[in-house]
Amino acid sequence: MLSQEEAEAQISELDLLSSMFPGEEEFAVTDQLALAELREFAEKQTAVTPTFTIQFTLTVRLGDGNADNIQDVLSLHCSYPPHYPNVPPEIVVRSPALMRSQQTRLHTDLNTYLKNNCIGDVCILSAVEWVKENYSTYLNMVSPSDHQKGTGMTPEDSIFTRLWIYSHHIYNKQKRKYIMEWSEELGLSGFSMPGKPGVVCVEGAQESCEEFWSRIRKLTWKRILIRHREDVPLSCSPSEVQINIQKLRKFPPLKEMAFDAHGARGNHMDLGQLYQFLQERGCSEVFPMYFGIEGR
């Protein structure tokens, strides 16, 4: 359970980041309601412990900040795990200029740096500085496999991603149809639970997951957001990427799930059955991220 001291440290750091990266394109918190919940707890306006994870993106420009040079633009996707800053943050660095082997090495070394230097005090800015100072080293690292003709691999091609999407509700038949059709088109597995709230999980190649999210979020929603995401860099040859993605999948091709629908409109699902479904697939830890309670 998040402590008062940890919440205060998180809010303090978020406020600092907001002042140092004032533009929306520079610093963006994924879920503003989660941020409001954390702030109320940190400022002792409520005794209710926050249940949702804070996730945000920092866009960093290197050198002279030339936006036309893809090598000079980095995105740091950050997440506060429970008990941060007493545990390291989760950070994924993305750049169109990084090849698979380069990004894998960067993440390995960044995680080592975080574990050795970022426990007990907020450290996102320190992590940003570490990435800026060391980025060119990884950009210049080239393995023999990166020179193979026709690889054409981008970071998105060599990362397995699982997105846990939350919607205030999913009723509309056309939206439900899009969810099914687009997931099939993009080769994604997972499930969709319509009703109130709505839950969608998609997994597969990062590029495909990002395209799915880009399409879905453009539809009209009362509220929709990525509640949690998992990114796993694939340390393998280009020919083995799809094999490794298949091994990491926890779900079959996406289908719509119903768990004893009830309520006046038949739009409320049995959350106990949903929890069992997630538990069977080794994903029960996401249940409290969605609903703020432990599953059973």
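The values are calculated or read from the model by the stated rules, or taken from the named source; none is laboratory data. Here the structure is a predicted model, which means the values were calculated and not measured. When we count neighbours, we look across all protein chains shown, and the Cβ atoms used for this are built from the backbone with ideal geometry, even at glycine.
Some observations on this one:
- Restricting attention to segment 211-229, the residues that are surrounded by fewer than 16 Cβ atoms within 10 Å (Cβ to Cβ) and either within 12 Å of the chain's Cα centre (by Cα) or within 18 Å of VAL92 (Cβ to Cβ) (or both) add up to 1.
- Selection count, segment 11-39, where residues are within 30 Å of ALA97 (Cβ to Cβ), without any contact (Cβ under 8 Å) to a residue 24 or more places away in the chain and either among the charged types (D, E, K, R) or surrounded by 12 or more Cβ atoms within 10 Å (Cβ to Cβ) (or both): 2
- Within segment 56-81, the set of residues being at pLDDT below 80 and either part of a strand (DSSP E or B) or of a type in the set (Val, Ile, Thr) (or both) comprises just one member, ILE70.
- Of all residues in segment 110-167, those being part of a strand (DSSP E or B), of a type in the set (Val, Ile, Thr) and modelled with pLDDT of 90 or more number 2.
- Single residue of segment 282-296 satisfying the filter (under 16 Å from PRO50 (Cβ atoms) and either basic (Lys, Arg) or not in a helix (DSSP H, G or I) (or both)) that is modelled with the highest pLDDT: GLY292
- Among the residues making up segment 161-200, those that are on the phi > 0 side of the Ramachandran plot and touching a residue at least 24 places away in the same chain (Cβ under 8 Å) are GLY190, GLY195.
- Subset of segment 40-53 [part of a helix (DSSP H, G or I) and buried (at least 19 other Cβ atoms within 10 Å of the Cβ)]: PHE41, ALA42
- Qualifying residue in segment 255-264 (condition: modelled with pLDDT under 90 and either assigned by TED's automatic domain parsing to the domain that holds ARG105 or of a type in the set (Val, Ile, Thr) (or both)): no
- Near pairs, Cβ below 8 angstrom, 6+ apart or cross-chain, from segment 242-253 (free of Cβ contacts under 8 Å to residues at least 24 places away in the same chain) to any residue that is in a loop (DSSP other than H, G, I, E, B): ILE243/CYS236
- Qualifying residue in segment 201-216 (condition: β-branched (Val, Ile, Thr) and modelled with pLDDT under 90): no
- When segment 1-39 is filtered for residues that are among the hydroxyl-bearing types (Ser, Thr, Tyr) and either over 17 Å from ILE124 (Cα atoms) or not in a loop (DSSP other than H, G, I, E, B) (or both), the ones remaining, listed by number, are SER3, SER12, SER18, SER19.
- Scanning segment 82-109 for residues that are among the hydrophobic types (A, V, I, L, M, F, W, C), surrounded by fewer than 19 Cβ atoms within 10 Å (Cβ to Cβ) and either modelled with pLDDT under 90 or within 17 Å of the chain's Cα centre (by Cα) (or both) turns up just one, ALA97.
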